[in-house]
There are 2 protein chains.
Amino acid sequence: MPVYKAPVEDVMFLLNDVFPIERYNNLPGFAEATPDMVEAILGEGAKLCEEVFAPLNLTGDQEGCKRNPDGSVTTPKGFKEAYEAYAAGGWMGLAAPEEYGGQGLPSALNTIMQEFVSSANLALGMYPGLTQGAIAALLVHGSEEIKKTYLPKMVEGVWTGTMNLTEPHCGTDLGLLKTKAVPNGDGSYAISGTKIFISAGEHDMAENIVHLVLARIEGAPAGTKGISLFVVPKILVKEDGSLGERNGVSCGSLEHKMGIHGNATCVMNYDGARGWLIGQENRGLAAMFVMMNEARLAVGVQGLAQSEVAYQNAVAYAKDRLQGRSLTGAKFPDRPADPIIVHPDVRRTLMSIRAFNEAARALVIWTALNSDIAHRSSDEAQRQSADDHMGLMTPVVKGVLTDLGFEMAVKAQQMFGGHGYIEEWGMSQFVRDARITMIYEGANGIQAMDLVGRKLGKDGGRAVMAFFNEVAAFCQENAGDENLKGFIAPLEQGLNHLQQGTMWFMQNAMARPDNAGAGATDYMHLFGLVAMGYMWAKMAKAAHARKAEGNGVAERMDAKLTTGRFFMERMMPETAARLACISAGADTTMALPAEAF
Amino acid sequence: MPVYKAPVEDVMFLLNDVFPIERYNNLPGFAEATPDMVEAILGEGAKLCEEVFAPLNLTGDQEGCKRNPDGSVTTPKGFKEAYEAYAAGGWMGLAAPEEYGGQGLPSALNTIMQEFVSSANLALGMYPGLTQGAIAALLVHGSEEIKKTYLPKMVEGVWTGTMNLTEPHCGTDLGLLKTKAVPNGDGSYAISGTKIFISAGEHDMAENIVHLVLARIEGAPAGTKGISLFVVPKILVKEDGSLGERNGVSCGSLEHKMGIHGNATCVMNYDGARGWLIGQENRGLAAMFVMMNEARLAVGVQGLAQSEVAYQNAVAYAKDRLQGRSLTGAKFPDRPADPIIVHPDVRRTLMSIRAFNEAARALVIWTALNSDIAHRSSDEAQRQSADDHMGLMTPVVKGVLTDLGFEMAVKAQQMFGGHGYIEEWGMSQFVRDARITMIYEGANGIQAMDLVGRKLGKDGGRAVMAFFNEVAAFCQENAGDENLKGFIAPLEQGLNHLQQGTMWFMQNAMARPDNAGAGATDYMHLFGLVAMGYMWAKMAKAAHARKAEGNGVAERMDAKLTTGRFFMERMMPETAARLACISAGADTTMALPAEAF
């Protein structure tokens, strides 16, 4: 069975040494989050993930979900109990406001726990994950009454939540959506239509399911400006908060998918179901987009999570599997062959995955802390700059961490040879599960367009300039630091390529938007490399400082530094190729008539 | 249901204009292969693949193979009939010698047909594909008696073949294998042991199955020098050629795999099964390696094949799916949205796949023609240089075309958004099926080591120097050709990087072999880029010549040229990054102690 150990130690290095969490003491919820407390919390979370979630991953994949003739859905064996353990542990409301039963802790802790959960069992983790997304939407846009009705039960985990956006003919282009909402005259609406790809749309884990549904109110304008958001419970809630009759929404069928078999991906049929408006009429998309940054960050984390667990299993296999001899002579002459970790190509592969994982985790934590600042700081300028960071980095985290998370899971699978291709080792599942993260919450091409088309130019480029300035200042401040040799020069080079790419868009994409579209994905990856390179430079600095303090961490810090150097030597050089692709522009890309394809 | 149309037109361009097949008229079998005849043959093959094989692909994946309680295996519905149609059409023996019932045509035609078959239905195509591999081994190493006993039936397709190498504890490192062969005293051996991952090991398509099995004769030396090759029929063949009793070999179980569900991947139990030696005692690995080039070429073709069929389906979807509007204003204002092929990021994706497919196909055909020359030419120097080419290019074709074939299938899947992740569209299957090609017939890390560790230095670097000289000469000859602007300079640049990488190994890997191991995969990909870039330059030259002739091919040739330019602008720049990785050497890669992982 696959192994998993939550990387608590690496997280604590990031929270204590790289982005010291104590620095944020003045933010609500952070004062309680002392290093000791954080370590204790994450230790408990790790235990739940390692001992309860992870052992159900492979069996959940093999069993999948079953829709019963009455439309109910049975999840894999053990999922319900594991979910209940999660809810009972208070994890659903870790960062939710105390007034609804939450613990009000930093949402960054929740993001970290999302990594552990997603590594241990992505399909299972999606049930609470979607609930947290629905909670976030209701918190921002729900009326007091709606919040009082739904939030305590959701935070407690007794009810779960979903997002209903996609329809058969529209996913990315929500302006096309057709689901109708007709006023019932009593403040509620009758919702009718079909939604597809609804994760956790129906299941047996919770007493009720709270659907957030995009629909078009009768007579609303066409396109995206006529879409409203509704809350539609599976079972109607009575005035006293108890459950009443079944609402007119049901699961029509389950999708057969490449992966995340343990999660019920439903076709949901709305047949005059009663729903209540969330936020303003026709402003449903805006309401959805508020929680999009957090949702996309969470999906980026899922990409990292699959890479991390795939890496851990590849390492275990590479130390155990005997095959061939080291190129420099037998390392274990008493055994029939050496373990494959002696082979440089195996090492190279493991180092690549590790160098990605550690940089990605740093990028996630940095961004999650900014999310907390953006929501909790009392200083407007601080809120604004943190919000700038979030907006800019969200498509990068989502797009790059899932593209690479998948690629790294594939590399890890490769270490197993033929054993990676058969299902019993679990490596195929990590790859199949990772694949969805590149698609949902906005396919990665959309992330690239969001970055290039919306985020770059926003507020006169304020966010991107702040990022460039921060990285450039770091390089300048540390240029003379002998410890950071091998880090600063490649980072500066990467930043230079990124700035050239940005400049190229400024000069060439205004007059010809296709030039932005044709280079967007390469730009997103270039941005990701520089952001991860910056994370490595910061981690290297922190590792040296930590090492200087002593405390027996030298070996661990040396490994960190070596891994960082690997990133700089082997992964940063790609920035030049990305820049070349951007600068090639759209001419050749767009030259063929559609019929030529 | 997924679509597939065999790219006969593109193949004919390669055979008529780029590597004119008529040039090889003097080789046995080639005189019959006139352009018209080739086109007619491939047209028939295309029809079989499009109309019989392709419609069974998705259902074959969903049904999979079933092992019955008596150890027999049932393949998916329709597979047996489709296989029979293939055999009845004479495809099994297309390139096999006439004396055994074959047609003796160029094996390049068979390689081309392998692409069509693998695109249409990889799992089904593996049954005849493995049989052709077994035929090749028997042709070279079998005694006259063995050839007479087995080959006619195999060429007819009434019996199929398999390769039995892998055991639970050894795949790459065959020196560890334990299967035993004990002389029976009558010229036969009793074979005992367990083989795993045996494709087409048991099925219901043929009257008999001819297993080629690696085993160790009692008392043989340890390691790879004590391995012999045996033919072990599922049903013993009587003196008169009719079938006798069942032999002591059976399928113990089927593997549950990520893909190629329609192919029966068996654990094979040998329990004193009667087998006959093929070739010399203890020289079994050498006997296997003779057919390795062809087998690896065929797997490279499978990588291309999955990319091609995934591309065709992505194109169909991109023209059909309406979502969003062109960045330059609505292209179809009368429709609710534009088809997604208007979006530059979609175009970029489709162009990438197409640019890879067409270059890969050229590289395959070039290499397959060299295989024919190596086997059929009466001129020793010509045979040698063709054999050099085969040896050098085989790991590149296998490693690069499967790594990229998979990557391209993933890109094609991405075009479908959520629809790519559910099984009914078939895109998930292309990705899952493509994944095995990176693993079997030697995982791609092994291909890279074969290239760097064995092929580069062989015969004083004769093969690689010949390749460098050929590309350099082409660049020099065509440097002034205005038509090839945009092709020659990037190709020269790529070649320069490849030569630098080669030089780096020469200077750094002798003293420290890990430097070769740590750079091998990057070198293989750098080599692949240059080889494909060379194919594009040759195709561009041929396309211009063809265009100058007129005949209404201008649009098709323009599309070819545009696709080639895309490759040069967007895919060749990666050579610099690959060189940087090679030159980084092994220091950082090998620095961590194994316990640090």
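The values are calculated or read from the model by the stated rules, or taken from the named source; none is laboratory data. Remember, predicted model here, so these are calculated numbers, not experimental data. No Cβ is skipped: glycine too gets one built from the backbone with ideal geometry, and neighbour counts run over all protein chains shown. Please note that ligands, DNA and RNA were not included when accessible areas were found on the heavy atoms of the full protein model with its side chains. Shrake-Rupley method; radii C 1.70, N 1.55, O 1.52, S 1.80 Å.
Whenever a residue of the range B:147-164 is within 9 Å of B:Asn208 (Cβ to Cβ), its partners that are assigned to a loop (DSSP other than H, G, I, E, B), lying with C-beta atoms within less than 7 angstrom and at least six residues away or across chains, give the pairs B:Val158/B:Ala206; B:Val158/B:Glu207; B:Trp159/B:Ala206; B:Trp159/B:Glu207; B:Thr160/B:Ala200; B:Thr160/B:Met205; B:Thr160/B:Ala206. Scan the range B:423-449 for residues that are within 23 Å of B:Met524 (Cα to Cα) and either in a helix (DSSP H, G or I) or more than 9 Å from every other protein chain (Cβ to nearest Cβ) (or both) and the total you get is 14.
The sole residue among A:Thr349, A:Thr328 that is among the hydroxyl-bearing types (Ser, Thr, Tyr) and touching a Pro at 6+ places or on another chain (Cβ under 8 Å) is A:Thr328.
Counting only residues that are closer than 23 Å to B:Pro55 by Cα and of a type in the set (A, V, I, L, M), the range B:1-45 holds 8 of them.
Taking B:Val400 as the residue in question, decide whether it is within 30 Å of A:Ala591 (Cβ to Cβ), within 19 Å of the chain's Cα centre (by Cα) and within 14 Å of chain A (Cβ to nearest Cβ). For B:Val400, the condition - within 30 Å of A:Ala591 (Cβ to Cβ), within 19 Å of the chain's Cα centre (by Cα) and within 14 Å of chain A (Cβ to nearest Cβ) - is not met. Among the criteria (1) buried (at least 24 other Cβ atoms within 10 Å of the Cβ); (2) modelled with pLDDT under 95, the one A:Thr131 does not fulfil is (2). Scanning the range B:571-581 for residues being facing another protein chain (nearest Cβ under 8 Å) and not in a loop (DSSP other than H, G, I, E, B) gives a total of 5. Reported count of residues in the range B:324-344, each being within 17 Å of B:Met415 (Cβ to Cβ) and of a type in the set (A, V, I, L, M), is 4. Looking for something in contact with a strand residue (DSSP E or B) (Cβ under 8 Å, 6 or more places away or on another chain) and in the same structural domain as A:Ala40 (by TED's automatic domain parsing) - is there at least one such residue anywhere in the range A:77-94? Scanning the range A:77-94 turns up no residue that is in contact with a strand residue (DSSP E or B) (Cβ under 8 Å, 6 or more places away or on another chain) and in the same structural domain as A:Ala40 (by TED's automatic domain parsing).
Taken together, the residues in the range A:320-335 that are more than 7 Å from chain B (Cβ to nearest Cβ), within 17 Å of B:Leu176 (Cβ to Cβ) and in a loop (DSSP other than H, G, I, E, B) amount to 9. Among the residues in the range B:582-591, are any hydroxyl-bearing (Ser, Thr, Tyr), in contact (Cβ under 8 Å) with a residue 40 or more places away in the chain and within 8 Å of another protein chain (Cβ to nearest Cβ)? Checked the range B:582-591: at least one residue is hydroxyl-bearing (Ser, Thr, Tyr), in contact (Cβ under 8 Å) with a residue 40 or more places away in the chain and within 8 Å of another protein chain (Cβ to nearest Cβ).
Yes or no, residue by residue, for (1) within 13 Å of chain B (Cβ to nearest Cβ); (2) modelled with pLDDT under 95; (3) on the phi > 0 side of the Ramachandran plot:
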position	(1), (2), (3)
A:Gly252	no, no, no
A:Ile278	no, no, no
A:Asn293	no, yes, no
A:Gln302	no, no, no
A:Ala337	yes, no, no
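Just checking, which of A:Ala314, A:Ala298 is in contact with a Phe, Trp or Tyr (Cβ under 8 Å, 6 or more places away or on another chain) and more than 24 Å from A:Glu218 (Cβ to Cβ)? Just a single option satisfies the conditions, and that option is A:Ala314. Against the criterion of being farther than 26 Å from A:Ala580 by Cα and touching a helix residue (DSSP H, G or I) at 6+ places or on another chain (Cβ under 9 Å), B:His497 does not qualify. Among the residues making up the range B:335-377, those that are in contact (Cβ under 8 Å) with a residue 60 or more places away in the chain and farther than 30 Å from A:Thr589 by Cα are B:Ala368, B:Leu369, B:Ser371, B:Asp372, B:Ile373, B:His375, B:Arg376, B:Ser377.
I'd like the full set of residues that are among the polar types (S, T, N, Q) and surrounded by 12 or more Cβ atoms within 10 Å (Cβ to Cβ), limited to the range B:215-249. Once the filter is applied, which keeps residues that are among the polar types (S, T, N, Q) and surrounded by 12 or more Cβ atoms within 10 Å (Cβ to Cβ), the range B:215-249 yields B:Thr224, B:Ser228, B:Asn247. Can you confirm whether the range B:33-55 contains a residue that is in contact with a helix residue (DSSP H, G or I) (Cβ under 8 Å, 6 or more places away or on another chain), within 30 Å of B:Ala374 (Cβ to Cβ) and assigned to a loop (DSSP other than H, G, I, E, B)? Yes, because at least one residue in the range B:33-55 is in contact with a helix residue (DSSP H, G or I) (Cβ under 8 Å, 6 or more places away or on another chain), within 30 Å of B:Ala374 (Cβ to Cβ) and assigned to a loop (DSSP other than H, G, I, E, B). The single condition among (1) within 11 Å of another protein chain (Cβ to nearest Cβ); (2) under 23 Å from B:Ser119 (Cβ atoms) that B:Ala412 does not satisfy is (1). Only one entry in A:Val364, A:Val342 is buried (at least 24 other Cβ atoms within 10 Å of the Cβ), away from every other protein chain (no Cβ under 14 Å) and modelled with pLDDT of 95 or more, namely A:Val364.
Listed by first and then second residue, the pairs linking a residue in the range B:212-223 that is among the β-branched types (Val, Ile, Thr) to a residue that is open to solvent by 60 Å² or more (accessible area, probe 1.4 Å) and not in a strand (DSSP E or B), with Cβ atoms under 9 Å apart and 6 or more places separating them unless they lie on different chains, are B:Ile217/B:Glu281.
When the range A:157-185 is limited to residues that are surrounded by fewer than 17 Cβ atoms within 10 Å (Cβ to Cβ) and over 27 Å from B:Asp338 (Cβ atoms), the one that is nearest to the chain's Cα centre (by Cα) turns out to be A:Val158. Quick one: is A:Arg354 within 11 Å of chain B (Cβ to nearest Cβ) and within 29 Å of A:Gly391 (Cα to Cα)? Taking the combined requirement at face value, the residue satisfies it.
Here is a yes/no grid of residues against (1) more than 32 Å from the chain's Cα centre (by Cα); (2) small (Gly, Ala, Ser):
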site	(1), (2)
B:Gly226	no, yes
B:Leu236	no, no
B:Arg246	yes, no
B:His256	no, no
